[in-house]
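S.K.: I have a structure here, written as structure tokens, and I will follow up with some questions on it.
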Amino acid sequence: MADTLKIGTYEFTSRLLLGTGKFSDLDVQQQAVDASEAEVLTFAIRRLNIDNPDNPNFLERLDLKKYTLLPNTAGAQTAEEAVRIARLAKASGLCDMIKVEVIGDMRTLLPDPIGTLKATEMLVKEGFTVLTYTNDDPILARHLVEAGAHAVMPGASPIGSGLGLLNPHYLSFIIEECAGKVPVIIDAGVGSAADVAQAMELGADAVLLNTAVAGAKDPVLMAEAMKLAIEAGRKGYLAGRIQKKRYANASSPLDLMIE
Amino acid sequence: MKLIINGQERDVAAKTLADVVQSFGLNERIIVIEHNLNIVPRDLYATTDVTEGDKIEIVHFVGGGR
């Protein structure tokens, strides 16, 4: 049986979701997307610059048949703002997925838990496929699942920080909490391939990242590194790692030594 | 006629939303329009009248993520 990622009614082969911000060059970005083999790409919804409407736009040069779009509600600070953005995104006719993001603090960009839960409830009722960005709080994750979220997306560390998994212990609680119900997608703060592999080894179903690739010295090579880290971490998780021991445990026989 | 488009007051010769889209050269673009806080499907642009002072948001998908 294929090891696929299921989110609501969607099914994906890739477990790497890629954000599309902060790339300095659209050609490099396309190459990075290709190298990542990501099938889900995130976007933000913003006002069009009506004085300069022909600014290059990454979405409009994508082969939209190849990708599932995951617009986010970035910029929303209340549930109502998030719902408004989600409705606009859906009205494009391009997608019914939404990444709920209700920010509670502009310095840390940590999510507002109350607004996040409320927006999730509202958007689930409206029929969206809802993926919710949340803090590393297992109890909130439980409430999000009860509210009908189709995926829970705990941050590893602050958005764009590259600090990696600050609280793998609580992330593993969230993974346990959601097991058999909805996928857990580690979202935000991932800085390196090692972070990605660590997240997947913990049992996360997928990772969403952006800055770690867009900001790398070689974004295309880093996109490939992230893809490989996803595969390595996933297989390592499925294979089941050994228990850690305090002292050595020889792997060569200790008997029949020459004297 | 004065319309508030993306928060800016603009003088636009337009009777309908389709005229607004045309006047900014957006016919071929992937956009979504909110007219006085109501989302208008693309096939209704031509039959949605605009009047002085209407608030129009024209949005699109931009790079964003993490």
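The values are calculated or read from the model by the stated rules, or taken from the named source; none is laboratory data. On a predicted model such as this, the values are computed, not experimentally measured, just so you know. Here the Cβ positions follow ideal geometry from the backbone for every residue, glycine too, while neighbour counts run over all protein chains shown.
S.K.: Within segment A:122-133, identify whether any single residue is at pLDDT below 95, of a type in the set (D, E, K, R) and part of a loop (DSSP other than H, G, I, E, B), and answer yes or no.
M.R.: So far as segment A:122-133 goes, no, none of its residues is at pLDDT below 95, of a type in the set (D, E, K, R) and part of a loop (DSSP other than H, G, I, E, B).
S.K.: Name the single residue that is farthest from A:Q29 (Cα to Cα) among those in segment A:226-259 being among the small types (G, A, S) and surrounded by 19 or more Cβ atoms within 10 Å (Cβ to Cβ).
M.R.: A:G233
S.K.: Within segment A:134-145, how many residues turn out to be assigned to a strand (DSSP E or B) and farther than 21 Å from A:V196 by Cβ?
M.R.: Result for segment A:134-145: 0.
S.K.: Does A:I98 satisfy the condition of being closer than 27 Å to B:N38 by Cα, buried (at least 16 other Cβ atoms within 10 Å of the Cβ), in contact with a Phe, Trp or Tyr (Cβ under 7 Å, 6 or more places away or on another chain) and within 8 Å of another protein chain (Cβ to nearest Cβ)?
M.R.: The answer is no for A:I98.
S.K.: Just the residues that are surrounded by 18 or more Cβ atoms within 10 Å (Cβ to Cβ), outside any loop (DSSP other than H, G, I, E, B) and without any contact (Cβ under 8 Å) to a residue 40 or more places away in the chain, please, taken from segment A:146-167.
M.R.: A:V152, A:P154
S.K.: Tell me, please, whether a residue that is more than 7 Å from chain B (Cβ to nearest Cβ), surrounded by 16 or more Cβ atoms within 10 Å (Cβ to Cβ), touching a strand residue (DSSP E or B) at 6+ places or on another chain (Cβ under 8 Å) and in contact (Cβ under 8 Å) with a residue 60 or more places away in the chain can be found in segment A:62-69.
M.R.: no
S.K.: What number of residues within segment A:206-225 are more than 12 Å from chain B (Cβ to nearest Cβ), surrounded by fewer than 24 Cβ atoms within 10 Å (Cβ to Cβ) and out of contact with any Phe, Trp or Tyr (no Cβ under 8 Å at 6 or more places or on another chain)?
M.R.: Qualifying residue count, segment A:206-225: 8.
S.K.: So which residues in segment B:9-57 are away from chain A (no Cβ under 13 Å), hydroxyl-bearing (S, T, Y) and touching a Leu at 6+ places or on another chain (Cβ under 8 Å)?
M.R.: B:T48
S.K.: Looking only at segment A:18-36, decide whether some residue is of a type in the set (D, E, K, R), buried (at least 18 other Cβ atoms within 10 Å of the Cβ), touching a strand residue (DSSP E or B) at 6+ places or on another chain (Cβ under 8 Å) and in contact (Cβ under 8 Å) with a residue 40 or more places away in the chain.
M.R.: No, the conditions are met nowhere in segment A:18-36.
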